[in-house]
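Colleague: Handing you a structure now.
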Amino acid sequence: MKHRYFVSTVYLNVVFFCLILVFLAVSLRIGYVDLSLREVVHGLLGTASDKTITIVWELRLPRVLLTIAIGAGLGLSGAVLQSLLRNPLAESSVIGVSSSAALGGVIALYFGLSAGFSYALPISAMIGAGIATGVLYFISVRSKSTLTLILIGIAINGFALALISLAMNLSPNPWAVSEIIFWLMGSVRDRSFTEVNLAVPFILLGILILLGLGKSLNALSLGEDGAASLGVNLKRVRLLAIIGTSISVGAGVAVAGTIGFVGLIVPHLIRPLVGNLPSRLLLASALGGAVLLTASDLLVRFISVGPELNLGVVTSLLGTPFFLYIILKTRKGMQ
């Protein structure tokens, strides 16, 4: 059984990696101006026309790089949160981590912190995500109830959104309000390498931290006492999980807004294929998150309904029915 899961995990990771490359190529080709694969290659090499080079390097490549990085961070953070909190419904947008990160970003925008210091926006978003993750963890330690954790997460989510609404209500600048609303709906449209340089290094750092927790999370699945008896430093694992989740989610929210349910959908779809061990689930969830978000971004570009749909809207439409399904499945298993 273990060997079967190991082989299927390797195959799945290879398939996901190949899909990422395919979606990368397709993303660079399609848009308001369709390019051939040959034109894309010449554009990347800088041997095409100035127009093609501009389209490839300044418009499409930053967008797809952000999509891959953010999707990987969200998918991986969802798998880690579910393992850390031992809750199948744990996901950054469901339990208030993303909205708390958004609140941190809104604070940086509202008080003009990001105007004088470009890293104020991702740092504020990461702090917001870290506070929410820390609060949820300490609550989960004291209460083993799935329902209690989800209700607390909903409360955190509602409180963060209320403060965001307050900031918009008090803002004297209508343009800033519209920007915040658009940003909260989640999108990677019109992003440049400025956003890539701002967010991707943090997301990659968060991913590396979270991937290193696989064996410790394996032990934690036996319970805290069992993990401690195996020599796992529980305080270190908790701290690294909170830091890694905060960095990967917060940095993504800072440049793309709130994109929900990726971390809920991906681990649940992958777990039957790779088994329940987090060490096998983590990398597959990161790659699967990148695949799902890149595919979703391609979908919004293929759909012609006037203005381009926001990426966060598409993932919410996909994730909400899935969330209800997981709730019903979890409730049935508890009866």
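Colleague: Could you let me know the centre-to-centre spacing of the stretch 70-114 and the stretch 189-245, using Cα atoms, in angstrom?
Modeller: About 13 Å separates the Cα centre of the stretch 70-114 from the one of the stretch 189-245.
Colleague: Also, quick follow-up: Where Rh denotes the Kirkwood radius from the mean inverse Cα pair distance, what is Rg over Rh for the chain?
Modeller: Numbers: Rg = 19.9 Å, Rh = 20.3 Å.
For the chain, the value is 0.98.
Colleague: Next question, about the same structure. Can you tell me which of Gly212, Gly312, Gly116 moves the most in a GNM of the chain? Springs connect C-alpha atoms under 10 Å apart.
Modeller: Maximum fluctuation in the GNM of the chain, among the listed residues, is at Gly116.
Colleague: Over the stretch 190-321, average the accessible area per residue using a 1.4 Å probe and give it in Å², no decimals. Can you show the working numbers first?
Modeller: On the way: 5300 Å² over 132 residues.
That works out to 40 Å² for each residue.
Colleague: Any chance you could list P(r) for the stretch 72-228, counting all Cα-Cα pairs in 10 angstrom bins from zero, rounded to whole %?
Modeller: 10, 36, 33, 16, 4, 0
Colleague: Compute the accessible area per residue over the stretch 6-114, keeping the other protein chains in place, probe 1.4 Å, unit Å².
Modeller: Numbers: 4550 Å² over 109 residues.
Result: 42 Å² per residue.
Colleague: Roughly how much of Leu298 is accessible, in Å² to the nearest 10, using a 1.4 Å probe?
Modeller: Probe radius 1.4 Å; accessible area of Leu298 about 10 Å².
Colleague: Moving on to the next point. For Phe111, Phe6, write out the residues from largest to smallest accessible area, computed with a 1.4 angstrom probe and no ligands counted. Let's see the in-between values first.
Modeller: Working: Phe111 140, Phe6 120 Å².
In descending accessible area the options line up as Phe111, Phe6.
Colleague: Considering only protein heavy atoms, with the full assembly of protein chains and a 1.4 angstrom probe, order Glu224, Glu91, Glu179 by accessible area, largest first.
Modeller: Working: Glu224 45, Glu91 0, Glu179 85 Å².
So, going from the largest accessible area down, we get Glu179, Glu224, Glu91.
Colleague: If r is the Cβ-Cβ distance from Arg301 to Leu211 and R0 is 41 Å, what FRET efficiency results, to the nearest 0.05? Can you show the working numbers first?
Modeller: Working: r = 30 Å, r/R0 = 0.73.
Once the sixth-power term is evaluated, E becomes 0.85.
Colleague: Can you give the accessible area of Tyr110, probe radius 1.4 Å, in Å² rounded to 10?
Modeller: Surface open to solvent at Tyr110 totals about 90 Å².
Colleague: Mind checking which aspartates and glutamates have their C-alpha under 15 Å from Lys215, skipping anything on the same chain fewer than 8 residues away?
Modeller: Within reach: Glu224.
Colleague: Using only the heavy atoms of the protein chains and a 1.4 Å probe, how would Phe323, Phe17 rank by accessible area, largest first? Write out the running numbers ahead of the final one.
Modeller: Working: Phe323 35, Phe17 110 Å².
Descending order: Phe17, Phe323.
Colleague: For Asp190, what accessible surface area do you get with a 1.4 Å probe? Give it in Å², rounded to 10.
Modeller: 130 Å²
Colleague: If each of Leu37 and Leu163 carries a label point 7 Å out from its Cα toward its Cβ, how far apart are those two points in nm?
Modeller: 4.9 nm
Colleague: Could I ask something else about it? Mind putting a number on the dipole of the chain about its Cα centre? Charges go on the C-beta only, +1 for Lys and Arg and -1 for Asp and Glu, and I need it in Debye to the nearest 20.
Modeller: Working: 22 positive and 12 negative charges, 239 e Å.
Charge dipole, the chain, about its Cα centre: 1140 debye, nearest 20.
Colleague: Could you tell me what percent of the accessible area of the stretch 15-144 is made up of carbon and sulfur, with a 1.4 Å probe and every protein chain present? List each step's numbers first, then the result.
Modeller: Working: 3890 of 5510 Å².
Whole-percent figure for carbon plus sulfur exposure: 71.
Colleague: If you don't mind, another one. Could you identify which residue out of Leu170, Leu318, Leu184 has the top mean-square fluctuation in a GNM of the chain using Cα springs shorter than 10 Å?
Modeller: Leu170
Colleague: Compute a Gaussian network model of the chain, connecting alpha carbons closer than 10 Å, and tell me which residue from Leu74, Leu45, Leu293 fluctuates the most.
Modeller: Greatest mean-square fluctuation among the candidates belongs to Leu45.
The values are calculated or read from the model by the stated rules, or taken from the named source; none is laboratory data. Computed from a predicted structure; not experimentally measured. Neighbour counts are summed over all protein chains in view; Cβ atoms, including those assigned to glycine, are modelled from backbone coordinates with ideal geometry. These area figures cover heavy atoms from the full protein model, side chains too; ligands, DNA and RNA do not enter into them. Shrake-Rupley method; radii C 1.70, N 1.55, O 1.52, S 1.80 Å.
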